[in-house]
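Here, each number is a calculation from the coordinates, and none is a lab measurement. None of the values given here were measured: they were computed from a predicted structure. With ideal geometry, Cβ positions are generated from the backbone for all residues, glycine too; neighbour counts draw on all protein chains shown.
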Protein chains: 2
Amino acid sequence: MSKILVFGHQNPDTDATASSYAWAHLEREAFGRDAEAVLLGEPNEETAFALAHFGLEAPRLVTSAKAEGVSQVILTDHNEFQQSIEDIRDLDVLAVVDHHRVANFETANPLYMRLEPVGSASSIVYRAYKETGTPIPQAIAGLLLSGLVSDTLLLKSPTTHDSDHAVASELASLAGVDLEEYGLALLKAGTNLASKSADELIDIDAKTFALNGHDVRVAQVNTVDIAEVLDRQEEIEAAISAAIVENGYSDFVLMITDIVNSNSEILALGSNIDKVEAAFNFKLENNHAFLPGAVSRKKQVVPQLTESFEN
Amino acid sequence: MSKILVFGHQNPDTDATASSYAWAHLEREAFGRDAEAVLLGEPNEETAFALAHFGLEAPRLVTSAKAEGVSQVILTDHNEFQQSIEDIRDLDVLAVVDHHRVANFETANPLYMRLEPVGSASSIVYRAYKETGTPIPQAIAGLLLSGLVSDTLLLKSPTTHDSDHAVASELASLAGVDLEEYGLALLKAGTNLASKSADELIDIDAKTFALNGHDVRVAQVNTVDIAEVLDRQEEIEAAISAAIVENGYSDFVLMITDIVNSNSEILALGSNIDKVEAAFNFKLENNHAFLPGAVSRKKQVVPQLTESFEN
């Protein structure tokens, strides 16, 4: 039987890594398939913390399935081809396990596709373990918990689904950790911004959105101390200005998210600052402003920008 | 709560109708949602037989969701937008339950999407009843059985999944019918070709495929007597020739499928008959030839034509 590669999106985050690692295990255990989890990029510091905490090796990196002699793949935590492996269009996608919108995705053949509008792909993988009656090793439970905690900022993001609370509680129990204590330690592991250059910082988790003809870059960093990030404002603004010029963004919106208190500071530069201000009904002072209660780019920032740019 | 419309593809067949009818019922019963099944076209004779057999009313026809004041929809047995309701691009797709490839489909938001590579969408809907512990009314079990029997030609098509045999047996038991006896009666109800003009006959179930720059039309009709259809060969060829001229098809391939013995006669006209003959390694005599064991356009005809047209 030919090998199947299982992977999350490029620039993998903890949920992409956890969901692919566990789904490959489930494929082997429940269905007897020769499935291997791989990564499309180096794990970030938060993901490295989770892997180390539960004594797991990071999956190896691959950039092409064909180069591995593999033609069958399973995608987790993404479906859009531009977020996937470079030769995705030449491969046979057997399955997708994801919690995002569907776009830029197509197949030649019927497939197994399981998307649910929940807080993490890891939540869905956990449900599949239960449905198939497959025992879930302690370390994998810990990794899946990490994926859910990471994507929902410890269940505080509005992307959290009602069902995710029970999933988190069950996974914490299986993993033998305290949900709040471990969850906060995990999130803090991803907030080590001091070690990063300003160029790196504004690219840790950044996506470009086409809003009414403008390419708007929206980046997010997690921290336990917003003031500490703003201390580097001059350096960060220089990096943002350079990125705007280099990539032709109309605007760059950086969310500096306080993971402890669940708020964000917005730092924005660009040609349409009036539209950014209108989106959030605030005034920037010295290029930044506070956005209380905002932690989700997907639900609390991008839709508001989209609407404002259309007016 | 706003209403949700649930529907299968245009030119609805029995699986499209059954899966949407039952999924709307499941949404109401299991999730308390205000879901209504509707049809995008008149039910065919086979579907009408199934509805009547189990004492169910055909869902009403709609052509636009917006015209109904509805913005939220659920798709069954299809996902490609060109097969869906006319205003699909303006709607919020809440869920998809399907067993086809994915193409020409995208959403703005995360959704529930459940695709399995099995014989019918009805098989998946039945599984969802079981998983949610929702009692399945006898008539709906009968309708779902009809969807599965129709799409798999009574479990004989190579599109039949291993798991479909148990599904058929359980549904027959719940519906209170004998699988073989009812299944054959259902399929025969769809073979009443005598009542149809040749123009109607070649359009009952026809799809166009772009094969290496050629628009190839592949149609299929079910019968219990291939000879009876060939008796109308002259009239059918006239209809095919007219369709070729009117629509610019390079070739027209008609599968006349014997549902009792699971074979097909291929009747083909067009500019690339050498490629059609090479695809199936046969010679047409008087424009037709026998293709033993072939019943599935998706698995036994289109891939072979695709490969032949590429050489």
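For the pair residue B:108 and residue B:63, what calculated FRET efficiency results from E = 1/(1 + (r/R0)^6), where r is the Cβ-Cβ distance and R0 = 30 Å, to the nearest 0.05? Present the calculation step by step, with values, prior to reporting the outcome.
On the way: r = 23 Å, r/R0 = 0.76.
The formula returns an efficiency of 0.85 here.
Using the alpha carbons of the range A:4-189, what is the convex hull volume per residue in cubic angstrom, as a whole number? Could the numbers behind the result be given before it?
Working: hull volume 19.6 nm³, N = 186.
Spread over its residues, the Cα hull of the range A:4-189 gives 105 Å³ apiece.
About the Cα centre, and with charges only on the beta carbon of Lys, Arg (+1) and Asp, Glu (-1), how big is the dipole of chain A? Nearest 20 debye, please. Don't jump to the answer; show the numbers that get you there.
Values: 21 positive and 48 negative charges, 151 e Å.
The calculation lands at about 720 debye.
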Stokes-Einstein, Kirkwood over Cα pairs, the range A:198-310, 37 °C, 0.692 mPa s; D in µm²/s equals 238
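Below 8 Å, C-alpha to C-alpha, sequence gap of six or more: please give me the relative contact order for the range A:158-311 in percent. Spell out each step's value before the answer.
Details: 214 pairs, mean separation 29.8, N = 154.
Worked out over the range A:158-311, it gives 19 percent.
Send over the per residue convex hull volume for the range B:38-92, Cα only, as a whole number of Å³. Could you put the intermediate results ahead of the total?
Details: hull volume 5.0 nm³, N = 55.
Considering the Cα atoms of the range B:38-92, their hull volume per residue is 92 Å³.
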Taking the label point 7 Å from Cα along the Cα-Cβ vector, the copy-to-copy distances for residue A:11, listed from shortest in nm with one decimal, are 4.4
The answer for the per residue Cα convex hull volume of the protein assembly as shown, in Å³, is 172
What the 20 Å binned alpha carbon P(r) of chain B shows, as percent of pairs per bin from 0, is 33, 57, 10, 0
Helix-only [θ] at 222 nm, chain B, -39500 (n - 2.57) per DSSP H run of 4+, per residue, nearest 500, equals -11500 deg cm²/dmol
quick note, the protein assembly as shown, DSSP beta bridge pairs, % antiparallel (nearest 5) is 45
Per its Cα gyration tensor (rounded if a/c is under 1.5, else prolate when a/b beats b/c, else oblate), the range B:1-82 is best filed as oblate
Residues meeting the amide H criterion for residue A:35 (H placed from the backbone, H to H distance under 5 Å, 5 or more places apart or on another chain) are A:4, A:28
